[in-house]
1. Take the conditions in the same structural domain as residue 161 (by TED's automatic domain parsing) and touching a residue at least 40 places away in the same chain (Cβ under 8 Å) and apply them to residue 231. Does it pass?
2. Hand me the list of helices (runs of 4 or more DSSP H) wholly inside the range 199-298 holding 3 or more residues that are loosely packed, with under 15 Cβ neighbours inside 10 Å.
3. Can you tell me which of (1) modelled with pLDDT of 50 or more; (2) over 23 Å from the mean Cα position of the chain (by Cα); (3) not in a loop (DSSP other than H, G, I, E, B) is the one residue 109 doesn't meet?
4. Residue 181 versus (1) touching a helix residue (DSSP H, G or I) at 6+ places or on another chain (Cβ under 7 Å); (2) at pLDDT below 90: which is the lone unmet condition?
5. Mind checking which residues of the range 299-336 are more than 13 Å from residue 262 (Cα to Cα), part of a strand (DSSP E or B) and modelled with pLDDT of 70 or more?
6. Name the one entry in 73, 64, 36, 29 that is at pLDDT 75 or above, more than 23 Å from residue 199 (Cβ to Cβ) and surrounded by fewer than 13 Cβ atoms within 10 Å (Cβ to Cβ).
7. Taking the stated definitions as given, is residue 240 in contact with a strand residue (DSSP E or B) (Cβ under 7 Å, 6 or more places away or on another chain) and either outside the structural domain of residue 222 (by TED's automatic domain parsing) or on the phi < 0 side of the Ramachandran plot (or both)?
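The values are calculated or read from the model by the stated rules, or taken from the named source; none is laboratory data. For clarity, every value in this text was computed on a predicted model and none was experimentally measured. Don't worry about glycine lacking a Cβ; one is built from the backbone with ideal geometry, like all the others, and counts go over all protein chains shown.
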């Protein structure tokens, strides 16, 4: 809202200056229109799509042509009136072009017959914009996923997400402050990678106070996909028909699948919730619960899978100690998570 205050101040000062200098109401109106025109041009500089810029320029050109046609109908009109007509109609054309670019899909008018980025070989226009939320930036796994090229397209970082990240980084709580700083480190790494395209979007959504609501609105407006690991944002976005990529769901999907009767190797680290249970973890963080494993905490065991349970938070593997195969020491060169086929 502060930037709109600056814009309003500029418009008022422009009109007041014309009045102080010329003392002519018509010139005050001219100064006001000119200031509004400059504000409109400044707003167009913040649009992030080439289509919006081109549409705004086309709208301005059409507006100027219309104003010239109007002036030819009144060749004897006063010069001041001519200036008002040119500025007013030009401004209307400029803003009309911009508004149309955000509501009407005109990609075919701006594309050639050849295939370009964002357009398939069949001519179907695709949108590869991925909007990142604050949680997925702080999480950090998005950097490694992008480096593996599993995610294509442009990563869009809205300005209001950066503001939220800055607020977290300025927190007095050490944990939140470290999370915010980690988020900026991840963004810097994404920007420094030449294979990853990152766009900082300056589009504002002033009528929505919540960041999640702004993300959904921006994704709808730009036909983009939201990348997050926030379950609530995921549900809200899906209810409004916004495409979502959830990093946690991806992580769960690529975890190794084990079946009952399979033998795996795990290092027991602590006691379980139930009596005499031992708990260990695979390399990907999957929890392994070993029945009767409490006496072997600190040791590496070959265990037999009895059941695998999937939950919204991940998966847990229930096992029992394989008979006559309790290893007190990990075998040399054997990975902590190896299978016996």
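1. yes
2. Values: elements: 211-222, 231-239, 247-253.
Per the criteria, 231-239.
3. Unmet condition: (1).
4. Status for residue 181: all satisfied but (2).
5. Looking only at the range 299-336, we keep the residues that are more than 13 Å from residue 262 (Cα to Cα), and these are 299-301, 309-316, 323-336.
Checking which are part of a strand (DSSP E or B) leaves us with 300-301, 309-311, 314-316.
Residues satisfying the conditions are 300, 301, 309, 310, 315, 316.
6. The match here is 73.
7. Details: in contact with a strand residue (DSSP E or B) (Cβ under 7 Å, 6 or more places away or on another chain): no; either outside the structural domain of residue 222 (by TED's automatic domain parsing) or on the phi < 0 side of the Ramachandran plot (or both): yes.
No: the conditions fail for residue 240.
Here's the yes/no breakdown for (1) in contact with a strand residue (DSSP E or B) (Cβ under 8 Å, 6 or more places away or on another chain); (2) in the same structural domain as residue 305 (by TED's automatic domain parsing):
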site	(1), (2)
206	no, no
236	no, no
269	yes, yes
275	no, yes
